[in-house]
Amino acid sequence: MAADLSRLGVKASWKDLTEGMVIAGAGTSRDFHTGEWSETKPEFLEDKCKQCLLCVPVCPDSCIPVKDRKRLEFDYDHCKGCGICVKACPFGAITMEGVE
Amino acid sequence: MGKRERLSGNEAVAIALRQINPDVFPAFPITPSTEIPQYFASYAANGQVDTEFIPVESEHSSMSAAIGASAAGARSLTATSSCGLAYMWEELYIAASNRLPLVLALVNRALSGPININCDHSDSMGARDSGWIQMYAENNQEAYDNMVQAYRISEHKDVRLPVMICQDGFITSHAVENIELLEDEEVKNFVGEYEPENYLLNPECPIAVGPYAVTDYYMEAKRAQAEGMRHAVQVVKDVAKEFASLSGREYGLFEEYCLEDAERAVVMIGSAAGTTKDAVDKLRADGEKVGLLKIRLFRPFPAEEIAEALKGVKAVAVMDRAEGYSNQGGPLGADVMAALYRSRSEALAVNYVYGLGGRDVRVEDMEDVFAALKQMRQDQDPGETYRYLGIRE
Amino acid sequence: MSYNFKETMNKPERLAPGHRMCAGCGGTIAVRNVLRGLHEGDRAVIGNATGCLEVSTFTYPYTAWEDSYIHNAFENAGATLSGVEGAYKALKRKGKLDAVYKFITFGGDGGTYDIGFQSLSGAMERNHDMVYVCYDNGAYMNTGIQRSSATPMYADTTTTPVGSCSSGKPQNRKDLAAVIAAHDVPYVAQTTFVQNFKDLHVKSEKAIYTPGAAFLNIMAPCPRGWRYAAPDIMEICRLGVETCYWPLFEVEEGKWTLNYEPKKKLPIEDFLRPQGRFKHLFKKGNEYLIEEFQKEVDRRWEDLLFRCSR
């Protein structure tokens, strides 16, 4: 059974911690919003996008969701604004302050 | 029904493992435990077990692989001695903190240096704070019986901690003695099927093992781990009781030998307890009120029960087959003396370091210890509380 | 194996966001794309040596992994996965498990080339059915950019600092892919991030689905340790390949294949110049250091061509 993260905050009692600190379940890091790390974010200009998807594999933070072979808007809850995708786009469909 | 055999301690433990038929056994040879994986490899080679035997390239890897296998949901174990245990040191802590059921067949041997292949307890004593349950044997029968009980303790839902089953190098591991074995079916039924709760190979729910924990969590994690140790005492007793109904052989947290009315007592671990029993018998025949407390469960340490058992004793010698380099004695001495102090005991107590690197302990040596206790009582003074037994000055 | 880029990108993500690797990290780019080599429906157990990846992707209680995951310690990722794979075999044999699992472990160059080398060598030699992936960023980045045996010659690291008597790391990097190939495992490959990741994807899929032990060495730049502008990672990797500093090759059942040969081999300066860790090489009077670096790149490249032409 998947662990209930709501009981595992930093104020949790030792009795509430999962046995052996094992977390049953997957991808619980989604609850941790690394998007707060940076103010500067890439902008997705959908009208310029050709859906080539070259921005998808280069994202270190899995922040470019793909559905039905098309990329969607950035996951700003987690995007750290590294700017790699800006350089990977051949069509100028991603812009970010400070990245040419 | 049991069957009588003549076996070395290593073969007895290997047979227990064959009867248990664990899932994964990674191992690396080191004297004097080498025979355990050797015997087991031949069982695997002849189809007597369907265990995955993994001959790894080091002890660090044998414990690492055993941890991986246990986390994956398999019943696993390894065997080692001395420097092999030292080499897997960090892994001992990881196995325990992950709350992994796991067994280590330890054959006690001196740690280097100088390099020495014979018995003392410096290897396992150094691991006493690693979070493992430690059980010790006096002879091959006890080593076998402890191994049969090991997984029941380790896998118990209130415990889920690794267990170290210790026997004395060469003295127990290689000496052939009479032994009574259980039938294969009896062991299989006693140990039962392993049914892990959360495990890596659970198709219903993936898990993540071995996190980074910040300060907010670390201390709570260690406290939660200690809870398993607190439960272990009762579980060890319960499993022993069930084992007694199967085998007729009774075990507790420790053995009391002529202790009931004893005024002087020795507390010790392992094979030298047999020698001490001979000394006790001899002195008892002369009307002397002497006795022995032989530790079976060293971690967790049954301090209250030991203090209770020593209640009537006026003078105690705690025997350590390991140095502590505290200038006070060894680890067992520290624990027993603390237990006596906490129980407000007024017994005089001394701590002997003995038997290092296979140094022989004779009946006369133990008689000398009892004589020293007698002197202490007469003087009402323990004198030097940190002593060496059988050392050339 | 054919490569359909869009279908590959359309696969479910197996490394969730919310992990705490630095912005622009090459390590997680490697992980995400290796995991895309898994076929949908197949499960995996992921191993991980201690390092940036481990402390950042499983910070209690947050795991970024969609598959079962085990971190044990720094030097034993190979042995730990050996045990997991052993458990899989045993449980299958005993009829206790139906599902198909693949075993993939990740380590940085510290956990792979250095402290975990024995454990890796053992796991490879025993030919466990697993893939060991090294995300090679050429130094101990987690502890603050100390040299490793993967660090290139002359790199400025915190334990090989450039000073009045030092030009950075005096030694060449260990050629680990060749060392593992010498274990005679079924599959070894070296790759990095180029173009549409075809090279990395195809090699990952082969490594995962080749029975027995496989090793992938992936150059995964670290913007902090290498001191280049984070958005430039793809260009850094391209220059690594075009200068023949980081050749793309694979070794299948002992047969070496060069996967890419630059039309015109670029001078090594092109790879070194954008990286702050090599800044001192471009000071006047240090031209000979670049010449020596170039000589070593050339020697290794010729050696690789020879191996691949047999």
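No lab work stands behind these numbers, since they all come straight from the coordinates. Keep in mind the model is a prediction, meaning the values are calculated, not measured. Cβ: placed from backbone, ideal geometry, glycine included. Neighbour counts: every protein chain shown.
Where the Cα atoms of the stretch B:3-247 are projected onto their three principal axes, how long is each span, largest first, in whole Å?
Between the extreme Cα coordinates on each principal axis of the stretch B:3-247 lie 54, 45, 35 Å.
If the reach is capped at under 16 angstrom between alpha carbons, list the aspartates and glutamates near A:Lys11, excluding any in the same chain fewer than eight residues apart.
In chain and number order, the partners are B:Asp216, B:Glu220.
Take B:Glu263 and B:Glu364, extend 7 Å from each Cα along the Cα→Cβ direction, and tell me the distance between the two endpoints in nm.
The answer from the label model is 2.6 nm.
Go ahead and collect, in residue order, the members of the stretch C:80-114 whose backbone nitrogen is under 12 Å from a label point 7 Å along the Cα-Cβ direction of C:His39.
C:100-102
Once Lys and Arg get +1 and Asp and Glu get -1 on their Cβ, which of C:Phe215, C:Leu248, C:Gln275 lies farthest toward the positive end of the dipole of the stretch C:201-286?
The residue sitting farthest along the positive end of the dipole is C:Gln275.
With only Lys, Arg, Asp and Glu charged, each at its Cβ (+1 for the first two, -1 for the last two), find how big the charge dipole of chain B is about the Cα centre; round to the nearest 20 debye.
Value, rounded to 20: 480 debye.
Partner chain Cβ atoms within 10 Å, averaged over the residues of B:46-53 - can you pull that number for me?
3
Could you pull out every residue, at least 5 positions away or on a different chain, whose amide H is within less than 5 Å of the one on B:Ala208? Hs are placed 1.01 Å off N in the peptide plane, and Pro or chain starts have none.
It is A:Ile23, A:Ala24, A:Gly25, C:Tyr69, by chain and number.
Using a 10 Å cut-off on Cβ to Cβ distances, tally the other chain neighbours for every residue of B:14-24 and report the average as a whole number.
2
Summing +1 for each Lys or Arg and -1 for each Asp or Glu, what net charge is found among the other residues whose Cβ lies under 10 Å from the Cβ of C:His128?
-1
Residue by residue through the stretch A:6-19, which ³J(HN,Hα) values in whole Hz follow from phi under the Karplus form 6.51 cos²θ - 1.76 cosθ + 1.60 (θ = phi - 60°), with glycine and proline marked x?
5, 8, 10, x, 5, 9, 5, 6, 4, 5, 8, 5, 6, 4
Of the cross-linked pairs A:Lys70/C:Lys203; A:Lys70/C:Lys11; B:Lys237/B:Lys374; C:Lys94/C:Lys206; B:Lys241/B:Lys314, which ones have a Cα-Cα span greater than 23 Å in the structure shown?
Going by Cα-Cα distance, A:Lys70/C:Lys203; B:Lys237/B:Lys374; C:Lys94/C:Lys206; B:Lys241/B:Lys314 fall outside the 23 Å limit.
At a 10 angstrom cut-off on C-beta neighbours, averaged per residue, how do the peptides C:283-296, C:117-130 rank from highest to lowest?
With the highest mean Cβ count within 10 Å placed first, the list reads C:117-130, C:283-296.
Which whole-number percent gives the relative contact order of the stretch C:80-237, counting Cα pairs below 8 Å spaced six or more residues apart?
With pairs under 8 Å counted, the relative contact order is 22 percent.
Let me have the relative contact order for chain C, percent, based on Cα pairs under 8 Å that are six or more residues apart.
Value for chain C: 16 percent.
Show which lysines lie in cross-link reach of B:Lys311 when reach means a straight Cα distance below 16 angstrom and same-chain residues fewer than eight apart are skipped.
B:Lys289, B:Lys294
So for the stretch B:254-388, averaging the separation of alpha carbon pairs under 8 Å that are six or more residues apart and normalising by length, what relative contact order in percent results?
Once divided by the residue count of the stretch B:254-388, the mean separation gives 28 percent.
Above 45 Å lies some portion of the pair distances; for the protein assembly as shown, what is it as a whole percent of all C-alpha pairs?
34 percent
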